[in-house]
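Below is one structure, written out as structure tokens; the observations come after it.
The values are calculated or read from the model by the stated rules, or taken from the named source; none is laboratory data. Note that the structure is a prediction, hence the values are computed from the model and not measured. Glycine gets a Cβ as well: all are built from the backbone with ideal geometry, and neighbour counts include every protein chain shown.
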Amino acid sequence: MKWYKHLTASGTDPDIGELIDELGFKGYYLFFRTLEIMSIEYNISNPGQNLFNFDWFLNQFSRKINQKTLLKFLQITNKTGRILYQLNGKDIHLNCPKLKHLTDEYTRQKPYRDSDKVTEKVTEKVTPLVTERVTPKIKDIRIKNKEKNKEDTHKETRAEIISYLNEKTGKSFDPDSKDAIEYINGRLNDKKNPATVADLKRIVDIKVTQWLGDPEKDQYLRPSTLFRPSNFENYRNERHISPKKDAVGQPKPKQKTDKEKEFDATYLAKRKELEDQFKDQIEAAKKKKDSYLLDEIECAIKEELTEWTENRL
């Protein structure tokens, strides 16, 4: 489908209003972005219905949309009947009964425009031309773009930073992973206040001292947290206090402060709150012995906790 009709009264639609009440303007975005995704894969012989891999479907949205938010959105649209869904293993089946009424005229008239004879004649003439002249050029362009994208001016520097992080934490991050490239290159390329190698290593030292070995915070000793734009400036300006050592020169076990104890209690309370939100789905999945759905719910809870924690650190 080339485009679909967007009704001007959508802002006052009570079903969309419920999405905004529950999810903020993420609800509005999720609704129309889902229609866009379904329209791209629109099947005129089976209008309004799509079968997607769930992970692929989730990746079509903004990175700020996690599994928990997407599932909550679908539960609301399923209840209102606007977009019905059903999880089946790793796939999701979507059904928007009204999507066929929003179809553009180009798509709606397509079955009547198509002619088998015309198609055969055009195919006979065009296919050799495409194969002989156009396809090689497209391949050349793709190869050139691929080689251009391979250029990485910070490859050695990033490897140095990740090696330092792995050495300090005992972990094994890949310097060429998506997160490493995005967050380290991003800080080094910052136009307003670019970071130095010393800045990045200093942040590693500071956070290793504070978080290493902590049951809750150790997991955040990773590029996506340490070098995230929203965290970076605060971390860079923290004082680095070396850990005190005992009589034999080993670092003394760190005693949790009242603030840290309060954080732990709040974290546990937040997890219980999220588990309560999914209580019905968890019980239903356990009855059906649906381990995949249980894993999906647990993943959604962990993603929500990660986002919640990073906003508080």
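Residues that are polar (S, T, N, Q) and free of Cβ contacts under 8 Å to residues at least 24 places away in the same chain: does the stretch 49-56 have at least one? Checking the stretch 49-56: not a single residue is polar (S, T, N, Q) and free of Cβ contacts under 8 Å to residues at least 24 places away in the same chain. Among the residues of this structure, Lys171 does not count as one that is surrounded by 16 or more Cβ atoms within 10 Å (Cβ to Cβ), within 30 Å of Leu268 (Cα to Cα), modelled with pLDDT of 90 or more and not aliphatic (A, V, I, L, M).
Put simply, of Lys79, Lys68, Lys72 the only residue that is among the charged types (D, E, K, R), within 20 Å of Asp13 (Cα to Cα), assigned by TED's automatic domain parsing to the domain that holds Thr34 and surrounded by 13 or more Cβ atoms within 10 Å (Cβ to Cβ) is Lys72.
Scanning the stretch 71-90 for residues that are of a type outside the set (D, E, K, R) and over 18 Å from Ala285 (Cα atoms) yields Phe73, Ile76, Thr77, Thr80, Gly81, Ile83, Leu84. Candidates Asn59, Asn78, Asn95: the one that is without any contact (Cβ under 8 Å) to a residue 60 or more places away in the chain, within 22 Å of Asp295 (Cα to Cα), in contact with a Phe, Trp or Tyr (Cβ under 9 Å, 6 or more places away or on another chain) and not hydroxyl-bearing (Ser, Thr, Tyr) is Asn78. Kindly indicate whether His93 is outside the structural domain of Glu304 (by TED's automatic domain parsing) and either at pLDDT below 85 or acidic (Asp, Glu) (or both). The answer is no for His93. For the stretch 15-51, a residue qualifies if it is in a strand (DSSP E or B) and surrounded by 17 or more Cβ atoms within 10 Å (Cβ to Cβ), and the qualifying residues are Gln49, Asn50. Residues in the stretch 68-83 that are within 11 Å of Glu22 (Cβ to Cβ) and of a type outside the set (Val, Ile, Thr): Lys72, Phe73, Gln75, Lys79.
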